[in-house]
1. What are the residue pairs meeting all of these: first residue in the range 320-344, first residue under 14 Å from Leu355 (Cβ atoms) and of a type in the set (S, T, N, Q), second residue open to solvent by less than 10 Å² (accessible area, probe 1.4 Å) and modelled with pLDDT of 95 or more, Cβ atoms under 8 Å, and 6 or more apart or on different chains?
2. Anything in the range 300-329 that is crowded, with 17+ Cβ neighbours inside 10 Å, within 22 Å of Asp255 (Cβ to Cβ) and within 28 Å of the chain's Cα centre (by Cα)? List them, or say none.
3. Hey, among Ala254, Ala234, Ala281, which residue is farther than 28 Å from Gly341 by Cα, assigned to a helix (DSSP H, G or I) and either of a type in the set (Gly, Ala, Ser) or touching a Gly at 6+ places or on another chain (Cβ under 6 Å) (or both)?
4. Would you mind telling me which numbered condition in (1) within 25 Å of the chain's Cα centre (by Cα); (2) in a helix (DSSP H, G or I) Tyr269 fails?
5. Which ones in the range 132-157 are within 15 Å of Ala386 (Cα to Cα) and crowded, with 20+ Cβ neighbours inside 10 Å?
6. Among the residues of the range 97-116, how many are within 16 Å of Asp233 (Cβ to Cβ), open to solvent by 70 Å² or more (accessible area, probe 1.4 Å) and assigned to a loop (DSSP other than H, G, I, E, B)?
7. When you look at Asp292, is it among the acidic types (Asp, Glu), buried (at least 24 other Cβ atoms within 10 Å of the Cβ), touching a Ser or Thr at 6+ places or on another chain (Cβ under 7 Å) and farther than 30 Å from Pro134 by Cα, yes or no?
Amino acid sequence: MKRKSLAILLSAVMVVAGCLAGCGSSEKEPAQAPAESQESQPADSGEKEAEAPAESSGGSNLEESLALFDQAVASVMTTDGHPMLAPGVTFDVPEAEGTAEELDKLDDSQSAKWHFYEYLDWDESQDAQFPASPADGSKGKHVIMIVHGAHAWTTCFSEAFEQACEAVGMTCDIYDPNWDQSTQDGYIDQAINEQPDAIGVIPVSADHAAQQFKKITDAGIPAFCVNTTVNADAMNYVMAFTGPNDWYQMRTLADSLGEAMNGEGGVAYITHNVDGSPYYARCYGPLTELADKYPNIKTLDIQSPGFEAAAVKQVVADWITKFGDDLNAIVLADDSDQAIGTVEAIKAAGRDDILVVAAGISKQGAELVESGDLYMMSYQSCQGDAGLAVRTMAEYFNGVDISRVSYIGTDVVSKDNVADFTPCQW
């Protein structure tokens with residue numbers, strides 16, 4: 001398989017968006033101190049006006065779409081005051097230290113083991129199967145977004161997706177399978193039957209995504225993977241991926257944690273949903289970063305109690321009893337309910353020496369950072385995630401070259417800078 005570098009920047013010719021056509025949501029019932037190996041590359045700032053493709057027959061609709069795009073990029077903001085349709089960021093990809101089969105035999109604490117989880121890959125010989133851009137403008141296009149499941153984050157994402165679609169002249173429907181794989185598969189079939197201009201999916205399972213995206217692409221519909229990463233088999237059928245670089249964010253957060261711990265102590269991990277890409281990134285990203293740079297920091301335990309505060313509180317309480325003073329830090333996959341349960345357990349035990357970091361950023365998480373109960377969290381813009389997905393779809397419809405992989409920006413949020421990221425998006 002030919003490996004592709006992620007350092008394929010967005011086209012230097014960027015176009016823009018403002019708020020005209022409506023976008024109706026249809027949530028249906030079941031039916032920075034980066035790691036050294038990663039060099040971020042900012043995509044184009046979006047300040048240049050795009051020109052219509054030389055052979056485009058988009059006409060006035062394309063011209064109106066380009067004007068809409070321009071307006072939206074300049075004016076549509078997130079709740080915390082950042083551009084919602086900001087250009088994406090790309091990353092250089094280091095060479096793998098072996099085949100997927102060879103790396104899988106490595107210990108979980110070795111970063112090389114997770115190479116093919118961390119870095120997106122595909123077979124470029126498959127690219128010819130993707131439908132060519134109509135290059136006639138985003139205005140009037142209808143897209144379907146199939147999210148993964150009910151959560152406050154998902155509600156925020158869905159509302160932002162609607163807003164961004166409206167800004168570039170597109171309409172949309174949003175389907176929520178509530179974390180059920182078979183229901184999401186059913187929505188894939190339903191969406192294909194409706195023949196929209198594009199389909200976006202936040203996969204419930206990274207391992208199951210290949211057949212989902214293959215079905216969409218085989219139907220001649222542009223398929224966009226959003227928010228959660230997938231393996232090479234799935235990427236072979238994905239027009240473009242947009243979303244957070246969870247691995248980079250969590251490695252950066254782990255660097256700050258390792259410094260705060262002076263390179264010594266024990267860490268325990270509360271994970272995301274097992275088998276989804278955030279599960280691997282938010283656990284093994286920080287775990288391997290600490291193992292590589294701070295060998296005297298030990299992993300004490302990894303647990304997956306879900307997102308209920310009470311369940312997380314019990315796990316943390318058990319850790320405090322079991323590990324005592326050896327428990328010096330906790331890494332969380334979520335800064336809302338997981339963080340609330342963790343902080344409650346720590347306070348109940350009378351401990352004030354346990355550092356807690358989390359993937360963020362929710363209102364609860366920001367409040368915990370402000371109070372000092374949460375040491376740090378990553379900045380992961382929910383609304384920016386939705387905006388980048390819509391931006392990429394609109395660029396495709398407008399005939400602009402799009403990056404195959406494009407990430408939202410990130411930062412580390414602490415008590416010193418939390419005001420720069422509030423009011424929170426969810």
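1. Qualifying pairs under 8 Å: Asn328/Gly266; Asn328/Val267; Thr342/Ile270; Thr342/Val312; Thr342/Val316; Thr342/Ile330; Thr342/Leu332; Thr342/Val356.
2. Leu300, Ala329 - these are the residues of the range 300-329 that are crowded, with 17+ Cβ neighbours inside 10 Å, within 22 Å of Asp255 (Cβ to Cβ) and within 28 Å of the chain's Cα centre (by Cα).
3. Result: Ala234 is the single residue among Ala254, Ala234, Ala281 that is farther than 28 Å from Gly341 by Cα, assigned to a helix (DSSP H, G or I) and either of a type in the set (Gly, Ala, Ser) or touching a Gly at 6+ places or on another chain (Cβ under 6 Å) (or both).
4. (2)
5. Of everything in the range 132-157, those that are within 15 Å of Ala386 (Cα to Cα) and crowded, with 20+ Cβ neighbours inside 10 Å turn out to be Val143, Ile144, Met145, Ile146, Val147, His148, Trp153, Thr154, Cys156, Phe157.
6. The number of residues fulfilling the criteria is 1.
7. no
For every residue, the table says whether it meets (1) on the phi > 0 side of the Ramachandran plot; (2) surrounded by fewer than 24 Cβ atoms within 10 Å (Cβ to Cβ); (3) not aliphatic (A, V, I, L, M).
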position: Val357; (1), (2), (3): no, no, no
position: Lys363; (1), (2), (3): no, yes, yes
position: Tyr375; (1), (2), (3): no, yes, yes
position: Ser381; (1), (2), (3): no, no, yes
position: Val390; (1), (2), (3): no, no, no
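The values are calculated or read from the model by the stated rules, or taken from the named source; none is laboratory data. Note that the coordinates shown come from a computational prediction; the quantities given were computed from them, not determined experimentally. Heads up, the Cβs are rebuilt from the backbone with ideal geometry, glycines too, and the neighbour counts pull from every protein chain shown. Surface areas here come from the heavy atoms of the whole protein model, side chains and all, with no ligands, DNA or RNA. Shrake-Rupley method; radii C 1.70, N 1.55, O 1.52, S 1.80 Å.
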